Structures are given as C-alpha cells and as structure tokens.
Amino acid sequence: MASLAAAQVQEVRSITRIERIGAHSHIRGLGLDDALEPRAVSQGMVGQKMARKAAGIVLQMIREGKIAGRAVLLAGQPGTGKTAIAMGLAQALGPDTPFTSMAGSEIYS
C-alpha cells in the first residue's frame, strides 16, 4: 500500500484569476443628452426612457449638491431595469462614487 501511494503522481494545475462578466458590465452611463433627454440606444442603455430621464434629474440634483450624502432607493417589479439604471447613474457620477447592489431581502432582514 505504501508503494502504491508513493507511485501516484498528483497533477498540479496553475490557478489563474477568472474575471466574471456581470450582466450589467456593458453599461457606461444613463444614455442621456445634455438636456437630460434619453437617447434611443446609448451608453449600453436601451428603453426605459422615462425612468432614465428621472434618474437624470436625480443625477443633476446630486451634482448640484441638493441631495448629496443621501441614499437613493429604486423600487419596482423584478426585471424592470432598476439595477441597470443604478449602474448607469453610478457610472455617470464617476469612478469615485460608491455603488452597492443589494437585494430587497437584505434590507428587511
């Protein structure tokens, strides 16, 4: 038995870091023009024009310091684009903006 254990050679594999591609990794902003009007397809955003315009108003208020230091909660049915709009808002605010995505159950638990 000891000779059998000594005869076995274990394969050593190199471990490389795997980068996960998220569902919203293509989003680069809210897709709004300078007048806060949503473009049809822009910066990875498609559809939800009214919600994107509303997020643009929130973006403008944050930049003006009117709601700085406060949290923004997006609520709605599953699959309606809340996370995509939040990612676009965070991207539009710049790389220094902290962004935390969480499920509703994390808030109520």
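Derivation of every value follows stated rules applied to the coordinates shown; laboratory data play no part. Fair warning: this is a prediction, and the values are worked out from it, not measured in the lab. Here Cβ is always computed from backbone atoms with ideal geometry, including for glycine, and neighbour counts include all displayed protein chains.
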Exercise for the section: Quick one: which residues, 5+ away or cross-chain, put their amide H under 5 Å from the amide H of Leu30? H built at 1.01 Å from N. Expected result: Ala92
Completion exercise
Note, region 80-94: 3J(HN,Hα) by Karplus (6.51, -1.76, 1.60, θ = phi - 60°), whole Hz, Gly/Pro = x, goes 9, x, 4, 5, 4, 5, 5, 5, x, 5, 5, 5, 5, 6, x
Fill in the blank from the handout: Counted neighbours (other Cβ, 10 Å), sorted fewest up, put Arg28, Arg52 in the order Arg28, Arg52
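Length gain on complete extension for the stretch Ile107 to Gln77, per 0.36 nm per residue less the alpha carbon to alpha carbon distance?
Extra length from Ile107 to Gln77 when fully extended: 9.2 nm.
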Handout entry: Per-residue Cβ neighbour rank within 10 angstrom, fewest leading, Asp33, Asp96
Key = Asp96, Asp33
Fill in the blank from the handout: Residues whose modelled amide H sits under 5 Å from the amide H of Gln48, counting only those 5 or more places away in sequence or on another chain, are none
Exercise for the section: Could you line up Met45, Met102, Met61, Met87 from fewest to most neighbouring Cβ atoms inside 10 Å? Expected result: Met102, Met61, Met87, Met45
Exercise for the section: Extending each Cα 7 Å along its Cβ direction at Lys53 and Leu93, get the distance between those two points in nm, one decimal. Expected result: 2.3
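On a full-extension model of 0.36 nm per residue, what is the gain between Ile67 and Val41, subtracting their alpha-carbon distance, rounded to one decimal in nm?
Working: separation 26, 0.36 × 26 = 9.36 nm, distance 2.80 nm.
Residue separation times 0.36 nm, minus the Cα-Cα distance, leaves 6.6 nm.
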